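Questions regarding the structure given below will be posed in turn.
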Amino acid sequence: MAATPIRILIADDHPVVRIGLRNMLMADPMMKIVAEAKDGVEALHMVRTLHPDILLLDLAMPKMPGMEALRELTGDNGGTRTIVLTGQVDKRQILEALQLGARGVVLKDAVVAHLSACVRAVMQGQYWLEGRPVQNLVQVLRDLAAQTAPPPRKTFGLTARELEVVALITEGSTNKHIAETFGISEETVKRHLTNIFNKIGVGNRLELALFALNHHLLPPAADA
């Protein structure tokens, strides 16, 4: 009994890219192109009506970007496995795609070398990333999350309390208000300000406020 060909839907807004993918994949008798979509809206409709085995999804498409289409398909793809096609390595975007259910990521400049192998690996239940099957997806997600985490906020040697004082200074608080807020004396507030000025090399409250804003010195809540 002959094996059933892998049914593939290509979603890319560039006709030349679609033609290239179609010709490359159809050279393999085990792969069948069932349809082509030129935008995310068409891709969604075709997945839901044709139920292909594989969706090759370009992330940069009109009407509905690939990432939004992938989000719409989460939990509603009828068994279709999505392989994301992207023109560049954006680790944050790749992490989001995997979290939304993508089973593989292939760079457009590497489709000739990797796409067929990726399709086969994904059909066998594997994940594909960086040109090879992924054995431990959980670890990959952890590594990507660590690589895309924002860098720690630079504090220029300021203590936690000094940073709190800086936040209030940028809001225009007086020494008296700062003292009342923290339950300390105004003399203590003045000592904090002297230490802050010395550590970051400013001479007055305005310079301090500008420095804090320009160097993202404030915590997210205070910087909003």
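Give just the number: which of (1) at pLDDT below 85; (2) farther than 14 Å from residue 218 by Cβ does residue 155 not satisfy?
Going through the list (1) at pLDDT below 85; (2) farther than 14 Å from residue 218 by Cβ, residue 155 breaks only (2).
Another question about this same structure. Could you check how many residues of region 31-43 are farther than 16 Å from residue 85 by Cα and not β-branched (Val, Ile, Thr)?
4
Based on what the data block shows, is residue 70 under 20 Å from residue 131 (Cα atoms) and free of Cβ contacts under 8 Å to residues at least 60 places away in the same chain?
no
Then there is this: Looking at 173, 185, which is the one that is over 30 Å from residue 214 (Cβ atoms), of a type in the set (Ser, Thr, Tyr), assigned by TED's automatic domain parsing to the domain that holds residue 206 and more than 15 Å from the chain's Cα centre (by Cα)?
Matching residue, one of 173, 185: 185.
Could you check how many residues of region 23-37 are among the small types (Gly, Ala, Ser) and surrounded by fewer than 19 Cβ atoms within 10 Å (Cβ to Cβ)?
2
I would also like to ask the following. Within region 116-145, which residues are basic (Lys, Arg), part of a helix (DSSP H, G or I) and either modelled with pLDDT under 90 or in contact with a Pro (Cβ under 8 Å, 6 or more places away or on another chain) (or both)?
The one that is basic (Lys, Arg), part of a helix (DSSP H, G or I) and either modelled with pLDDT under 90 or in contact with a Pro (Cβ under 8 Å, 6 or more places away or on another chain) (or both): 142.
Among the residues that make up region 120-132, is at least one of them in contact (Cβ under 8 Å) with a residue 24 or more places away in the chain, among the polar types (S, T, N, Q) and assigned by TED's automatic domain parsing to the domain that holds residue 29?
No.
Still on this structure, I have one more. With respect to residue 217, determine if the residue is out of contact with any Asp or Glu (no Cβ under 9 Å at 6 or more places or on another chain), on the phi < 0 side of the Ramachandran plot and hydrophobic (A, V, I, L, M, F, W, C).
In short, no.
What helices (runs of 4 or more DSSP H), lying completely within region 29-100, carry at least 2 residues that are hydroxyl-bearing (Ser, Thr, Tyr) and farther than 16 Å from residue 118 by Cβ?
none
Could you say which residue among 90, 39 is under 27 Å from the mean Cα position of the chain (by Cα), closer than 30 Å to residue 147 by Cα and among the acidic types (Asp, Glu)?
Testing whether each residue is under 27 Å from the mean Cα position of the chain (by Cα), closer than 30 Å to residue 147 by Cα and among the acidic types (Asp, Glu) leaves just 90.
In the set 121, 110, which member is crowded, with 18+ Cβ neighbours inside 10 Å, small (Gly, Ala, Ser) and closer than 30 Å to residue 94 by Cβ?
121
Working carefully through the options 187, 171, find the one that is at pLDDT 90 or above, among the charged types (D, E, K, R), loosely packed, with under 14 Cβ neighbours inside 10 Å and farther than 16 Å from residue 155 by Cα.
Of the residues listed, the single one that is at pLDDT 90 or above, among the charged types (D, E, K, R), loosely packed, with under 14 Cβ neighbours inside 10 Å and farther than 16 Å from residue 155 by Cα is 187.
Here's something else I'd like to know. If residue 64 passes every condition in (1) touching a strand residue (DSSP E or B) at 6+ places or on another chain (Cβ under 7 Å); (2) in contact (Cβ under 8 Å) with a residue 12 or more places away in the chain but one, which one does it miss?
(1)
Sticking with this structure for a sec: Condition first: surrounded by 14 or more Cβ atoms within 10 Å (Cβ to Cβ) and either of a type in the set (Ser, Thr, Tyr) or within 19 Å of residue 18 (Cα to Cα) (or both). Now tell me which residues in region 71-107 satisfy that.
80, 81, 82, 83, 84, 85, 86, 104, 105, 106, 107
The values are calculated or read from the model by the stated rules, or taken from the named source; none is laboratory data. Quick caveat: nothing in here was measured; it's all calculated off a predicted structure. All Cβ positions, glycine included, derive from the backbone under ideal geometry; neighbour counts span all protein chains shown.
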